[in-house]
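Please read the structure below before turning to the comments.
The values are calculated or read from the model by the stated rules, or taken from the named source; none is laboratory data. All figures in this text were calculated on a predicted structure; none of them were measured in a lab. Ideal geometry is used to build each Cβ from the backbone, glycine not excepted, and the neighbour counts take in all protein chains shown. Ligands, DNA and RNA are stripped out before the accessible areas are found, and what is left, the full protein with its side chains, is counted by its heavy atoms. Shrake-Rupley method; radii C 1.70, N 1.55, O 1.52, S 1.80 Å.
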Amino acid sequence: MNENARAPLAITLGEPAGIGPELCARLVERRWPHPLVLIGDPALLARYGVTLPEYEPNKRVPLSILPVPLVAPVTPGVLDPANATYVLATLDRAIDGALAGAFSGIVTAPVHKGVINDAGIPFTGHTEYLMEKAQVNQVVMMLVGGGLRVALATTHLPLAEVPAAITAERLEAVIRVLHHDLVHRFRIGAPRILVAGLNPHAGEGGHLGREEVEVIAPTLARLREEGLDLVGPLPADTLFTPRVLSGSDAQLAMYHDQGLAVLKYASFGKGVNVTLGLPFVRTSVDHGTALDLAGKGVADPGSLFAAVTLASELAQ
């Protein structure tokens, strides 16, 4: 058990106009193995009838809140760029606490990337933001659910930019992080990782693209010489079939939708987004802000509950 195993998990409330505050309010329904500290404006929880004591670092209570005030009033379902700085402030408080050892990990409710950009703040997603704030060279987005652990070689890139981003350096760095955290976070002794090709039929021997021949296969061969158990490059359209998946511990897709469409089909509403390569545990939900559901009391907390459960397990 690590030295911070009994420190609380920090949970950010996410986009204030989305379903994040409502989902976080639902955390009172269960007893959790870790104390939980919610980070955000208490008024957002009060809307759902939840009042929590204020977080005190030297006290261990099951649920508390670290208040961060909204910049502007919130109407559920209506985005307001004025609150973009609030969203990032909640993330910063969680990250700073995790880096200082006050929190054993972070669970994030969904944010709306578009409204943060509309506020004039460059923002491509939690994953990239966490990487910059934690000052690490490489992180990996991996979603867990439906019996799968699907990691991504690239994350929030336009599809047209993906081929150029699949370099030997990036692929090696991603695989090293993935392998390391499967061993040290997920406690898998010798993980077997399936690696997808970029092109249809994994390039068909170079006839449908050269990335497999020139980048992916040589990188995998080099890492196999170090003892990593890597299979591929495999055609993505058959990688996720039961026979191919059998005996594997994780799957590496080359781009966002190549892997996550399959995982979300298998587990949507129960999946968990995990950021690998950070000096602390970070999990999140597998869905977005769901503005159409916000404030209606009908949002399903399943993915948030799964994210808190997994973060608690990984933080031990």
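Among the helices of the chain (complete DSSP H runs), which have Cα atoms covering no less than 15 Å along the helix axis and a Kyte-Doolittle mean of at least 1.0?
Those that pass (Cα extent of 15 Å or more, hydropathy at least 1.0) are 302-314.
Over region 138-277, calculate the relative contact order: mean separation of alpha carbon pairs under 8 Å at least 6 apart, over the residue count, as a percent.
41 percent
Can you give me the Rg/Rh ratio for region 35-144, using Cα atoms for both radii and the Kirkwood formula for Rh?
For region 35-144, the value is 0.97.
I want to check a number: in the chain, how many lysine pairs have alpha carbons closer than 24 Å, given a sequence separation of 8 or more or different chains?
6
For the peptides 276-286, 171-181, what is the packing order when you average, over each peptide's residues, the other Cβ atoms within 10 Å and list the highest mean first?
By packing density, highest mean first, the sequence is 276-286, 171-181.
Over what distance in Å are the Cα centres of region 108-136 and region 83-104 separated?
12 Å
How much solvent-accessible surface does Glu29 expose, in Å² to the nearest 10, with a 1.4 Å probe and all protein chains in place?
110 Å²
Count the DSSP beta bridges whose two residues both fall in region 138-277, then state the antiparallel fraction as a percent rounded to the nearest 5.
For region 138-277, the DSSP antiparallel bridge percentage is about 45.
If you compute Rg/Rh (Cα atoms, Kirkwood Rh) for the structure shown, which of (1) 0.94; (2) 1.02; (3) 0.98 do you land on?
(3)
Please give the length that would be gained between Thr124 and His201 if that part of the chain were fully extended, namely 0.36 nm times their separation in residues minus their C-alpha to C-alpha distance (nm, one decimal).
24.7 nm
About its Cα centre, what dipole magnitude does region 46-134 give when the only charges are +1 on Lys and Arg Cβ and -1 on Asp and Glu Cβ, stated in debye to the nearest 20?
260 debye
Applying 1/(1 + (r/R0)^6) with R0 = 45 Å to the Cβ-Cβ distance of Tyr48 and Gln138, what FRET efficiency is obtained, to the nearest 0.05?
Plugging the Cβ-Cβ distance into 1/(1 + (r/R0)^6) gives 0.75.
Using a 10 angstrom cutoff on alpha carbons, build the Gaussian network for the chain and name the most mobile of His184, His256, His287.
Between His184, His256, His287, it is His184 that shows the largest mean-square fluctuation.
With the Cα gyration tensor of region 138-277 giving a ≥ b ≥ c as the square roots of its eigenvalues, does the rule (a/c under 1.5 for rounded; else a/b larger than b/c for prolate; else oblate) give rounded, prolate or oblate?
It comes out rounded by the Cα gyration axes.
Applying the Karplus parametrisation 6.51 cos²θ - 1.76 cosθ + 1.60 with θ = phi - 60° to the phi angles of region 154-167, what ³J(HN,Hα) value in whole Hz is obtained for each residue in order, glycine and proline being reported as x?
Residue by residue, region 154-167 yields 10, 10, 8, 10, x, 4, 5, 9, 5, x, 5, 7, 7, 9 Hz.
What is the distance, in nm, between label points placed 7 Å from the Cα along the Cα-to-Cβ direction at Glu313 and at Ala165?
2.8 nm
Run through the DSSP bridge list for the chain and note the antiparallel percent, rounded to the nearest 5.
About 30 percent, rounded to the nearest 5.
Just name one of Ile188, Ala119, Pro218: the one whose Cα is farthest towards the positive end of the charge dipole of the chain (beta-carbon charges, Lys/Arg +1, Asp/Glu -1).
Ile188
Rounded to the nearest 500, what is the chain's calculated 222 nm mean residue ellipticity when only DSSP H runs of at least 4 contribute -39500 (n - 2.57) each, over all residues?
It lands at -9500 deg cm²/dmol.
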